1. B:ARG15 - would you say it is surrounded by fewer than 23 Cβ atoms within 10 Å (Cβ to Cβ) and more than 14 Å from chain A (Cβ to nearest Cβ)?
2. Condition check: farther than 19 Å from A:PRO72 by Cβ, of a type outside the set (S, T, N, Q) and within 14 Å of another protein chain (Cβ to nearest Cβ). Does B:ARG295 satisfy that?
3. If we scan the stretch A:142-157, do we find a residue that is within 22 Å of A:VAL39 (Cα to Cα), in contact with an Asp or Glu (Cβ under 7 Å, 6 or more places away or on another chain) and at pLDDT 95 or above?
4. With the stretch A:266-379 as the region, which helices (runs of 4 or more DSSP H) entirely inside it contain at least 1 residues that are farther than 29 Å from B:ALA47 by Cβ?
5. Name the residues in the stretch B:210-231 that are closer than 27 Å to B:THR256 by Cα and not in a loop (DSSP other than H, G, I, E, B), would you?
6. Taking A:GLU167 as the residue in question, decide whether it is out of contact with any helix residue (DSSP H, G or I) (no Cβ under 7 Å at 6 or more places or on another chain) and more than 23 Å from B:GLU301 (Cβ to Cβ).
7. Out of the residues in the stretch A:266-293 that are crowded, with 19+ Cβ neighbours inside 10 Å and among the small types (Gly, Ala, Ser), state the one that is farthest from A:ALA341 (Cα to Cα).
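The values are calculated or read from the model by the stated rules, or taken from the named source; none is laboratory data. What you see is a predicted model, and the numbers here were worked out from it, not measured in a lab. Here Cβ is always computed from backbone atoms with ideal geometry, including for glycine, and neighbour counts include all displayed protein chains. With ligands, DNA and RNA removed, areas are computed over all heavy atoms of the protein, side chains included. Shrake-Rupley method; radii C 1.70, N 1.55, O 1.52, S 1.80 Å.
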There are 2 protein chains.
Amino acid sequence: MQEALPKFGYRLIARDGAARLGEIATPRGIVRTPAFMPVGTGATVKALYPEQVRDAGADIVLANTYHLMLRPGAERIARLGGLHAFMRWDGPILTDSGGFQVMSLGKLRQVSEDGVRFQSHVDGSPHMLTPERAVEIQCLLGADIQMQLDECIELPAERAQAERAMELSLRWAARSQATFAKLAKPGQALFAIVQGATDAELRRRSAEALVAMDFPGYAVGGLAVGEGHEVMLRTLEGVVPLLPKEKPRYLMGVGTPLDLIESVARGIDMSDCVLPTRNGRHGLAFTWAGRLNLRNACHAEDPAPLDPASSCPAARDYSRAYLHHLVKSGEYLGSMLLSWANTAFYQELMAAMREAIAQERFAAWAEETKRRLAALQDA
Amino acid sequence: MQEALPKFGYRLIARDGAARLGEIATPRGIVRTPAFMPVGTGATVKALYPEQVRDAGADIVLANTYHLMLRPGAERIARLGGLHAFMRWDGPILTDSGGFQVMSLGKLRQVSEDGVRFQSHVDGSPHMLTPERAVEIQCLLGADIQMQLDECIELPAERAQAERAMELSLRWAARSQATFAKLAKPGQALFAIVQGATDAELRRRSAEALVAMDFPGYAVGGLAVGEGHEVMLRTLEGVVPLLPKEKPRYLMGVGTPLDLIESVARGIDMSDCVLPTRNGRHGLAFTWAGRLNLRNACHAEDPAPLDPASSCPAARDYSRAYLHHLVKSGEYLGSMLLSWANTAFYQELMAAMREAIAQERFAAWAEETKRRLAALQDA
């Protein structure tokens with residue numbers, strides 16, 4: 001009797017308006033959607049132990065191809081048994097293609113039909129990232145969900161430039177798909193990325209071409225790069241209806257709690273962002289009452305925790321006075337506790353969204369939650 | 001019926017040569033001796049959660065009066081319920097007097113009969129630390145074991161300067177004792193500090209005078225400040241026999257695993273040092289096979305953990321290859337894991353010493369362990 005090969009799949013459980021409750025099945029476990037993926041840039045979600053990420057409620061983490069190809073190197077991670085073993089995360093991992101970071105961090109970059117040539121921001125060494133190499137790296141890492149290489153441009157951009165980059169990304173999608181078909185293991189999935197800046201027509205052409213290529217999942221890329229919240233939402237409203245209902249939809253690199261609520265309301269299933277950990281390292285805490293700046297003197301003698309109702313020890317057991325002291329003193333523990341509390345808050349937020357969708361009260365929940373979250377603005 | 005007041009006390013359980021197995025009773029619990037106290041300078045053992053410090057086997061931690069008086073301030077900590085609640089450590093806490101850090105960190109310091117005037121290294125604000133104020137601060141913090149203010153001088157020093165500082169420290173000991181008698185709670189203890197640089201005669205005069213004043217415990221101060229390992233041990237050999245057998249003996253600010261073995265062999269019961277956490281932040285790991293430098297390329301593809309037999313997850317569950325990557329990348333998790341592993345190693349070392357003394361094989365254990373620890377030198 002032959003054992004069934006592990007399969008990737010998306011299951012839609014419930015809808016409430018455009019918001020979707022679902023599950024992504026991977027060989028390494030289920031991802032409950034809508035899902036927020038903590039970012040483990042360099043094979044570590046900054047300042048957290050992997051057990052804390054899991055216990056916070058995360059089903060999946062993201063890692064960055066650009067960072068890992070430069071340090072410690074994809075072949076080295078493969079020799080060490082792959083990224084899951086290396087970083088001690090046995091759940092699903094999504095890797096990006098490296099394209100976005102090449103644009104934001106790489107030096108002397110040159111885009112050609114073949115790919116992107118650039119110099120490492122770590123040591124200046126020369127590198128070439130092609131659609132084929134990006135997939136090869138992600139297969140060496142052993143990523144469960146992989147992303148095609150795309151060309152990310154800065155916004156605002158000329159339409160001609162946005163069109164050229166979108167068309168190039170389409171050709172790279174086909175090359176990525178061909179390489180993935182050769183290298184990937186059963187159950188791994190390659191997602192395509194819809195590009196086209198903020199131009200509805202370009203976005204439509206990108207989405208239709210990619211849907212015709214039949215990827216197992218679709219990302220919306222090139223947003224949250226300076227276009228503004230409203231423009232981002234209008235672009236999403238144009239793109240998401242073009243994507244297949246039976247596939248997961250991933251909004252890349254977004255965002256604030258408000259961004260997450262609004263994008264889920266528009267049918268997004270997955271997102272990722274460095275905000276919870278980066279803000280944690282900068283002394284900012286996300287709570288159900290809004291965002292707190294622990295540097296502020298008003299917290300110096302406050303014995304209350306961030307959130308007595310949280311199941312996260314960092315939010316529940318440590319006083320704001322102590323957090324204020326740690327942040328002001330530049331202590332590691334301040335960054336550790338706030339990154340942990342923020343990571344847990346983001347997962348609480350997603351769990352609340354999933355529950356609201358299941359109970360068909362997402363719109364009312366979203367209105368009330370947006371009011372709550374607006375109460376404090378860096379108090 | 002009147003409830004018995006909490007009491008401080010030392011109980012000698014066994015001796016093996018000069019090495020002692022014992023217990024210090026405090027209102028907040030027992031300290032098994034010989035004990036190593038992790039250093040929580042600014043109300044946090046750097047890069048560790050308090051639960052990790054406890055689980056590593058530590059019964060007691062040290063906090064620095066100098067740092068806490070400047071930030072967040074002793075009165076603030078008192079208003080917040082004391083240092084134990086503030087830093088979430090419910091076991092015993094020992095605080096130093098601030099004297100040592102005033103000398104090493106304070107600016108424009110002036111020593112007079114009254115005390116030490118200095119400027120904060122944080123914000124330049126002027127402060128005066130007297131023997132009375134040092135005790136008052138430690139009582140505001142709620143420290144279980146407190147230290148008298150002493151004058152710490154740099155070594156090498158002229159004999160006349162060492163004698164003057166030792167005599168001044170004796171007068172400060174008497175003033176500290178008088179203030180402590182007024183301010184302390186039942187069960188708290190104030191330790192005296194034997195000074196006298198590396199001069200045997202000065203050390204003897206200091207010890208005899210302090211013993212006559214009947215403190216509940218005695219520290220040996222002013223060592224491990226550049227005099228060298230052998231001179232430190234000779235000084236200890238002169239001082240320890242002068243101290244009462246029924247009181248605990250504390251060697252301040254020492255040291256390496258070798259220092260700890262040699263000082264316990266000479267009758268020391270307690271010590272503290274920043275080495276485990278500071279070295280951890282610098283990529284160095286203490287193990288039973290010696291000290292490793294995780295920056296070294298030889299670890300880059302080593303899948304072995306620091307110590308598969310350790311009960312500490314940081315030492316047992318993470319590969320050296322991953323630690324190498326984290327350290328080279330400057331990731332928080334590298335400092336977190338190595339500080340944790342080193343803190344656990346120091347506690348394992350003390351537990352092994354206590355077991356060896358109980359089994360009357362300390363000398364043989366020490367010889368074998370010193371050989372083991374010398375095998376690797378920053379490999």
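1. Yes, satisfied.
2. Working: farther than 19 Å from A:PRO72 by Cβ: no; of a type outside the set (S, T, N, Q): yes; within 14 Å of another protein chain (Cβ to nearest Cβ): yes.
The answer is no for B:ARG295.
3. Going residue by residue through the stretch A:142-157, those that are within 22 Å of A:VAL39 (Cα to Cα) are A:142-154.
This time we only want the ones that are in contact with an Asp or Glu (Cβ under 7 Å, 6 or more places away or on another chain), so: A:147.
Filter again for at pLDDT 95 or above, leaving A:147.
So far as the stretch A:142-157 goes, yes, one or more of its residues are within 22 Å of A:VAL39 (Cα to Cα), in contact with an Asp or Glu (Cβ under 7 Å, 6 or more places away or on another chain) and at pLDDT 95 or above.
4. Details: elements: A:275-281, A:313-316, A:320-328, A:332-358, A:362-373.
Per the criteria, A:332-358, A:362-373.
5. Within the stretch B:210-231, B:TYR218, B:ALA219, B:VAL220, B:HIS229, B:GLU230, B:VAL231 qualify.
6. Values: out of contact with any helix residue (DSSP H, G or I) (no Cβ under 7 Å at 6 or more places or on another chain): yes; more than 23 Å from B:GLU301 (Cβ to Cβ): yes.
Against the criterion (out of contact with any helix residue (DSSP H, G or I) (no Cβ under 7 Å at 6 or more places or on another chain) and more than 23 Å from B:GLU301 (Cβ to Cβ)), A:GLU167 qualifies.
7. Of everything passing the filter in the stretch A:266-293, A:GLY267 is farthest from A:ALA341 (Cα to Cα).
Yes/no matrix, rows are residues, columns are (1) polar (S, T, N, Q); (2) open to solvent by less than 20 Å² (accessible area, probe 1.4 Å); (3) at pLDDT 95 or above; (4) over 16 Å from B:PHE345 (Cα atoms):
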position: B:GLU237; (1), (2), (3), (4): no, no, yes, yes
position: B:VAL240; (1), (2), (3), (4): no, yes, yes, yes
position: B:LYS245; (1), (2), (3), (4): no, no, yes, yes
position: B:LEU251; (1), (2), (3), (4): no, yes, yes, yes
position: B:PRO257; (1), (2), (3), (4): no, yes, yes, no
position: B:GLU262; (1), (2), (3), (4): no, no, yes, yes
